Amino acid sequence: MFESIGWRPALTAAIGGALKYRRYNFILRFVMKRIALAAGHSTDTSRDHEYTDWTRVDRFADQALALCHHETAQTTRAAN
């Protein structure tokens with residue numbers, strides 16, 4: 001997507017997510033189970049599975065905040 005619109009984000013991260021099997025209807029559960037199997041993840045549909053790396057989420061948030069502070073400081077200096 002970024003290439004097609006010509007935008008280059010200053011910060012990106014692959015964080016992960018979850019398989020919420022118990023919330024899925026039959027068809028979605030079936031499809032997600034096949035995707036999980038191909039990716040080597042759990043196919044136990046009797047429970048949900050959390051794959052989010054919350055430490056990575058925190059680190060990304062800290063980096064994004066630092067980048068915002070840096071950009072704000074540069075903009076402020078340029079305006080003065």
Backbone HN-Hα couplings from phi across the stretch 23-37 [Karplus 6.51/-1.76/1.60, Hz, Gly and Pro as x]: 8, 7, 6, 4, 5, 5, 4, 4, 5, 5, 5, 5, 5, 4, 4
Per-residue [θ]222 nm for the chain (sum of -39500 (n - 2.57) over DSSP H runs n ≥ 4, rounded to 500): -18000 deg cm²/dmol
Sparsely packed chymotrypsin sites (Phe, Trp or Tyr not before Pro) within the stretch 1-46, loop by DSSP, other Cβ within 10 Å at most 12: W7
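Out of every Cα pair in the stretch 16-79, what percent are spaced more than 18 Å from each other?
Cα-Cα pairs in the stretch 16-79 separated by more than 18 Å: 55 percent.
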Cα-based helix-to-principal-axis angle, 54-79 vs the chain, degrees rounded to 10: 20 degrees
Charge context of L19, other residues only, Cβ under 10 angstrom, K/R +1, D/E -1: +3
Size of electric dipole in the stretch 16-79: Cβ of Lys, Arg +1 and of Asp, Glu -1, about Cα centre, debye, nearest 20: 380 debye
Where labels lie 7 Å past Cα in the beta-carbon direction, separation of A10 and L37 in nm: 4.6 nm
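A short reminder: the numbers here are calculations on the coordinates, not readings from a lab. Keep in mind that what you see is a predicted model, and the values were worked out from it rather than measured. Note that we place each Cβ from the backbone using ideal geometry, even for glycine, and neighbour counts take in every protein chain shown.
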